[in-house]
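The values are calculated or read from the model by the stated rules, or taken from the named source; none is laboratory data. All values reported here derive from a predicted model rather than from experimental measurement. Every residue, glycine as well, gets a Cβ built from its backbone with ideal geometry; the counts of neighbours run over all protein chains shown. What goes into the accessible areas is simple: the full protein's heavy atoms, side chains included, and nothing from ligands, DNA or RNA. Shrake-Rupley method; radii C 1.70, N 1.55, O 1.52, S 1.80 Å.
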Amino acid sequence: MATPPQQARSIATEQKMLDAAEELLRNGDARSVTLENVVKLSGTSVGSFYARFGSVEGLFEALRNRYREAVYQTAILEAYEKALQQTDLRSALYHSLKPTLEIARREHIAVSFLIRNPTVDQVELVNQRKFMVEKTMEVLQKYRKEIKKKDLRRASENISRMGHATWVHLALYEPSEFIGRKTSLSSVIELCADMAYAYLTTE
């Protein structure tokens, strides 16, 4: 069934505002995401803004939902699907980490804002992390013969923690800022995969 024209326009208007807010975050910081700037950049109206978000806080919550969906429902699913297609554990770990860590660096301004301003819905955050652990568990079960750890549940939790810690670091800091030596994003991803592999294959 086709989307009614009025509903389609409403959705398009909301997406324009979210796109504008993302652009403002990407090119500045959270302080630049004001009602006036979003309306001006998106070419919409103040009335439309209030009708859809109610307030700037409502806009930020919609942004959080968009990024959560991009990371947890898109990037993570694609990453784990690719991981399950690999022929060895090391490659699987690399491909399970790569997309989300690339997002953390590429969208670091927006992601760092979301890290510093988490949603009040802590249950949702816990569920997202559980989802990540479950997907990691699927990967580890496939490559079980290469893994020395007996408790795959605990191993999945620890690998997820390691990936999340690296994700936070890449969102908050340039890879080269750690000790002042130039470090590429790819080398950080390789290192994270190597550490995960070493942990899993050590008694």
Provide the solvent-accessible area of residue 88, counting protein heavy atoms only and rolling a 1.4 Å probe, rounded to the nearest 10 Å². 50 Å²
Can you compute 3J(HN,Hα) from phi for each residue in segment 129-145, using the Karplus curve 6.51 cos²θ - 1.76 cosθ + 1.60 with θ = phi - 60°, rounded to whole Hz and x for Gly and Pro? 5, 4, 4, 5, 5, 4, 5, 5, 4, 4, 5, 5, 5, 5, 9, 4, 5
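Leaving ligands, DNA and RNA out of it, report the carbon-plus-sulfur percent of the accessible area of segment 21-127 at a 1.4 Å probe. Display every interim value, and only then the final one.
Working: 2760 of 5410 Å².
Result for segment 21-127: 51 percent of the exposed heavy-atom area is carbon or sulfur.
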Lysines with Cα under 24 Å of residue 135, excluding same-chain neighbours fewer than 8 positions away: 82, 98, 145, 148, 149, 150
Considering only protein heavy atoms, what is the solvent-accessible area of residue 97 at a probe of 1.4 Å, reported in Å² to the nearest 10? 20 Å²
So what are the radius of gyration and Dmax for the Cα set of segment 47-144, in Å? 16.1, 56
FRET efficiency (residue 178, residue 32; Cβ distance; R0 22 Å; to 0.05) is 0.20
In whole Hz, the Karplus estimates of ³J(HN,Hα) for segment 96-111 (6.51, -1.76, 1.60; θ = phi - 60°; x where Gly or Pro) are 6, 8, 3, x, 5, 5, 5, 4, 4, 7, 5, 10, 4, 5, 5, 5
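Beyond 17 Å, what percent of the Cα pairs of segment 148-203 remain?
42 percent
Given the Cα atoms of the chain, and with Rh set as the inverse mean 1/r over their pairs in the Kirkwood sense, what is Rg to Rh to two decimals? Show your work: numbers first, answer last.
Numbers: Rg = 19.6 Å, Rh = 18.7 Å.
The Rg/Rh ratio comes out at 1.05.
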Order 193-199, 157-163 from most to least packed using the mean count of other Cβ atoms within 10 Å. 157-163, 193-199
Residues meeting the amide H criterion for residue 201 (H placed from the backbone, H to H distance under 5 Å, 5 or more places apart or on another chain) are 148
